[in-house]
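So the structure is just underneath, and the comments pick up after that.
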Amino acid sequence: MIKYAVNINGIDVEASYSEKDVNEIFIPLLKKLGEIRKAKGRRVIAMLAAPPGAGKSTLLSFLKNLSDTNDDLPEIQVIGMDGFHRRQEYLTSHTTIVDGIEVPMVKIKGAPITFELEKLKDKISKIASGENCGWPVYNRLLHNPTEDALFVSSDIVIIEGNYLLLDEDGWRELSVFADYTISIRADAELLRKRLLERKIASGSSYEEAQNHVNYSDMRNVSLCLEKTKKADLELFI
């Protein structure tokens, strides 16, 4: 196993990947993106969609590290859709309906409605057109995005997010910008455990974390597992 440690959105994460997966899945994936880039002669966008807690950001960080340390692999840039979370002050001052009850939007933070979808579409459209531009990043310790924390300039860009391949109105149009798509599927109970650990690591008590995960995060897990469109590459953990 290959051990990999990284800080994701303000939280230290340790992951491990098998040499078999690295050699038979991840390296061929990066080479495939390089081939698509060469064939199309323009910027290439790949989209990775997966449920909360599936390790999307960690995996892309690992792929970036592979790219940076292997001269035989193309240069890539990895970015996420979490920077398009609505700001905390918006979520605490607006409400929505859940199971027929009006609740503060912050209670379901992470649901599709709590993202700025049109802003996300606009940014992805600019990147797909070849424009170099700023990109926001979400910090779990600050509970808010930081605007233009990254600058997108690579010829191969991989975007990760829960809902990039969501088969629902508004969201399903995002994948039109993708030259290649990837999805991750996982057992719901494994994801629940990971989400609890992540919520506690970001400062919540066990009780607070359990309440949020059970009420909000697991709804989003179910949505992703049930309504993610078929991808070019499907991974299972």
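Residue-wise test of (1) surrounded by 16 or more Cβ atoms within 10 Å (Cβ to Cβ); (2) assigned to a strand (DSSP E or B); (3) touching a residue at least 24 places away in the same chain (Cβ under 8 Å).
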{"residue": "GLU102", "(1), (2), (3)": "no, yes, no"}
{"residue": "VAL106", "(1), (2), (3)": "yes, no, no"}
{"residue": "LYS121", "(1), (2), (3)": "yes, no, yes"}
{"residue": "ILE124", "(1), (2), (3)": "yes, no, yes"}
{"residue": "ILE127", "(1), (2), (3)": "yes, no, yes"}
{"residue": "GLY130", "(1), (2), (3)": "no, no, yes"}
{"residue": "GLY134", "(1), (2), (3)": "no, yes, no"}
{"residue": "TYR138", "(1), (2), (3)": "yes, yes, yes"}
{"residue": "THR146", "(1), (2), (3)": "no, yes, yes"}
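Can you report the number of residues in segment 46-80 which are surrounded by 20 or more Cβ atoms within 10 Å (Cβ to Cβ), outside any loop (DSSP other than H, G, I, E, B) and among the aliphatic types (A, V, I, L, M)? Of the residues in that region, 9 qualify. Once segment 218-230 is narrowed to residues that are surrounded by 18 or more Cβ atoms within 10 Å (Cβ to Cβ) and under 15 Å from the mean Cα position of the chain (by Cα), the residue that is nearest to ASN162 (Cα to Cα) is CYS224.
Residues considered: VAL78, VAL44, VAL22. Of these, the only one that is touching a Ser or Thr at 6+ places or on another chain (Cβ under 9 Å) and at negative phi is VAL78.
Every number here is computed from the coordinates shown, using simple stated rules; none is lab data. Keep in mind it's a predicted model, so treat the numbers as computed, not measured. We place every Cβ from the backbone using ideal geometry, glycine too, and count neighbours over all the protein chains shown.
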